[in-house]
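Structure first, then comments.
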Amino acid sequence: MAGSPLERVNSLLEAINPVSARLVAERTGYSSQLVPVTPYVAVSVVEAFHRYPDAVKAITAAMSPEEIGEAARKPGCQANSVFLWGVANFWLLGRNVMNMVDPSLDSVDLAHTVLDFWARVSQAYRGGGQLHAADAGNQIMVLEHPDLEALAEGTIGLDSQRRESVRRLNATLINHLFLLYFDTRVGHGDTGPYHLPDGRTMLVRDYHRLGPSDFWWSGVAADMPYSSLTAALVLDPQVDVAINDFGTAITNPENYLENLIGFGLFTTDSGSLVPVLEEEFPVLADAARLAQRQHYRDIVAMDRDDKIACGAYVYFTFLRPFAEIAGVADTIDWSCPRDTPDDIYQMVTVDADPPERSPDDVPYPLYQ
């Protein structure tokens, strides 16, 4: 570990830069006709730059980063790999934006507060000292044996009809979450691959905040029977699985659901794994479709600034699950936007395509 804050921060930036550059370059481009995604992301990172250091201090005063990372190693927890990525990268992206406007706001001490927290939580979460899934060969193997055993034992074998039912349910839940999170793909995330004793591979997928939550627009999902779901997807041994830091499974063959041989669904709403019966799948799918339909209408009726506020809240609150583990989420002001000056808001919310990036780009300059 580097000694001074400057050395520590630069060492972490050197670890972050190649991973983040590659992830962003590889991410499939997306342009929404419904939601101004690029503007709300820009607002969220400016807010993160201004506010994450104080929020991190409040969190670490209540619980150490190592304890938070250990506590996140369970099904249904959203203090996961992609939210960890966001804690570091949103602050750093905000730093990039604000350095174009007022470099005097930047400091090594602020960077150290956020990045040291991120690194210590991430290493404890991953259990092996790695900062990224990429450091572990694109694996996120964070669940403990008792949970893995319960997940595997709760799966059922699939014939072609059941496999199609699972495929439709998964697609419906993901589409519901995509819109509920304002056209972003962070409402679900994968961990694994977990290798079962019989040679099969298990992928674990969490679906987060499916129903009413801190998202003030989520009342549209009041009929969802569960808030959190966890799926165990058992794959034929011939399927190769990697999982990147966005919690996205990359498989060979690509259409892994054709090689799905076992499936189990659970809720963690009670704090432990509780099986969800197969008979409930149509109820879940119907509730998700109804919520998505109404939410689409609600978004269409919003003005542009309201859409930006909702999307910015989704991204800015990537830090919230860590505060929840520490028991201090209710003591932190999560309203967003709050600290973005009007002139900066106008600058960063102009409609524009995000810049093209290549894996050779260095996203975040080191401190001198």
³J(HN,Hα) computed for each position of region 341-349 - Karplus, 6.51 cos²θ - 1.76 cosθ + 1.60, integer Hz, glycine/proline x: x, 4, 5, 5, 4, 5, 5, 8, 9
Where GluC sites (Glu not before Pro) fall in DSSP loop in region 243-330, at most 11 other Cβ within 10 Å: E254
Exposure proxy ranking, count of Cβ atoms within 10 Å, fewest first, for S213, S270: S270, S213
Estimated inter-spin distance, K57 and S11, nm [label 7 Å along Cα→Cβ]: 2.4 nm
C-alpha long axis of helix 108-126 to longest principal axis of the chain, angle in °: 20 degrees
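Would you order L84, L277 from fewest to most other beta-carbon atoms within 10 Å of each residue's own beta-carbon?
On the way: L84 27, L277 8.
Ranking L84, L277 by Cβ neighbours within 10 Å, fewest first, gives L277, L84.
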Calculated FRET value between S213 and Q368, using beta carbons and R₀ = 41 Å, to 0.05: 0.45
Overall Cα dimensions of region 162-229 - principal axes, largest extent first, Å: 45, 23, 21
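Loop only by DSSP, 10 or fewer other Cβ within 10 Å of the Cβ. Give me the chymotrypsin sites (Phe, Trp or Tyr not before Pro) in region 183-263 that pass, ordered by residue number.
Values: sites: Y194, Y207, F215, W216, W217, Y226, F246, Y256, F263; in loops: F215, W216, W217, Y226, F246.
The qualifying sites are W216.
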Under Karplus coefficients 6.51, -1.76 and 1.60, residue-wise ³J(HN,Hα) of region 323-332 in Hz, glycine/proline x: 5, 5, 4, 6, x, 10, 4, 6, 9, 9
On Cα atoms only, tilt of 160-180 relative to the major axis of the chain in degrees: 20 degrees
Spacing of the two label points (7 Å from each Cα toward its C-beta) at D286 and D343, in nm: 5.7 nm
Rg in Å to one decimal, and Dmax rounded to a whole Å, for region 145-300 via C-alpha atoms: 15.4, 50
Average silhouette area of the chain, convex hull of alpha-carbon atoms, in square nanometres: 17.9 nm²
The chain: angle of helix 281-301 to the longest principal axis, Cα-based, in degrees nearest 10: 30 degrees
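Counting other beta carbons within 10 Å of each residue's own, what order do F281, F49, F83 fall into, fewest first?
Numbers: F281 18, F49 25, F83 22.
In order of increasing Cβ crowding within 10 Å: F281, F83, F49.
Here, each number is a calculation from the coordinates, and none is a lab measurement. Not measured: the values here are computed from a predicted model. As a convention, Cβ positions derive from the backbone with ideal geometry for all residues, glycine included, and neighbour counts pool all protein chains shown.
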